[in-house]
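Remarks on the structure that follows.
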Amino acid sequence: MKAIFYLKTCDTCRKIIKSLPVTEGFTLREIKSEPITVAELEEMHRLAGSYEALFSRKATLYKERGLKDVALTEADYKNYILEHYTFLSRPVIVDGDTIFVGNSKPVVEAAIAHLS
């Protein structure tokens, strides 16, 4: 899979995608209008090593639902990500067997280096 999962209303996602040296050959998936599938999430899980690594604790719903006070399991992380796009840490860049999750500076720099 060669895909970039992002949110079009997220300025950070747009900035990161613009900064990538190459996006040709990648499928750009706007996760609000075209939610991720179970199969796609399972592939991301295989590459990232856990659903927790794909989960965004910055999501407004995370705070609104009081999830920080709950001990979440891997199954919980998976279900929340599938339930609402905002629980996926964005962007997620998948290039074959390599995955980059989120918008931290080290992750973005690694993705840029990988795609250079």
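What follows draws every value from the coordinates through simple rules; no lab data is involved. These figures come from a predicted structure and were not determined experimentally. Cβ coordinates were reconstructed from backbone atoms using ideal geometry, including for glycine residues, and neighbour counts include every protein chain displayed.
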Please verify whether LYS63 is free of Cβ contacts under 8 Å to residues at least 12 places away in the same chain, surrounded by fewer than 19 Cβ atoms within 10 Å (Cβ to Cβ), assigned to a helix (DSSP H, G or I) and in contact with a Lys or Arg (Cβ under 8 Å, 6 or more places away or on another chain), treating the condition exactly as stated.
no
Given the conditions (1) closer than 18 Å to LYS15 by Cβ; (2) not in a loop (DSSP other than H, G, I, E, B), and given that ILE99 satisfies all but one, which numbered condition is not satisfied?
(1)
Near pairs, Cβ below 6 angstrom, 6+ apart or cross-chain, from the range 25-52 (of a type in the set (Gly, Ala, Ser)) to any residue that is crowded, with 16+ Cβ neighbours inside 10 Å
ALA48/LEU54; ALA48/ILE99; ALA48/VAL101
Of (1) loosely packed, with under 14 Cβ neighbours inside 10 Å; (2) hydrophobic (A, V, I, L, M, F, W, C); (3) part of a helix (DSSP H, G or I), VAL22 satisfies all except one. Which?
(3)
Considering the range 33-56 alone, what residues qualify as being surrounded by 14 or more Cβ atoms within 10 Å (Cβ to Cβ) and in a loop (DSSP other than H, G, I, E, B)?
PRO35, ILE36, TYR51, SER56
Check whether at least one residue in the range 72-83 is part of a loop (DSSP other than H, G, I, E, B) and in contact (Cβ under 8 Å) with a residue 40 or more places away in the chain, and report yes or no.
no
Does PHE55 meet the test of being free of Cβ contacts under 8 Å to residues at least 60 places away in the same chain and in contact with a strand residue (DSSP E or B) (Cβ under 8 Å, 6 or more places away or on another chain)?
yes
Pairs under 8 Å by beta carbon, first residue in contact (Cβ under 8 Å) with a residue 40 or more places away in the chain and loosely packed, with under 12 Cβ neighbours inside 10 Å in the range 96-116, partner basic (Lys, Arg) and not in a helix (DSSP H, G or I), six or more apart or different chains?
GLY96/LYS2
For GLU74, state whether it is of a type outside the set (Val, Ile, Thr), touching an Asp or Glu at 6+ places or on another chain (Cβ under 7 Å) and more than 21 Å from LYS2 (Cα to Cα).
yes
Qualifying positions in the range 1-19 - closer than 16 Å to GLY96 by Cβ and buried (at least 17 other Cβ atoms within 10 Å of the Cβ):
ALA3, ILE4, PHE5
Take the conditions without any contact (Cβ under 8 Å) to a residue 12 or more places away in the chain, closer than 17 Å to ILE16 by Cβ and under 13 Å from the mean Cα position of the chain (by Cα) and apply them to SER89. Does it pass?
no
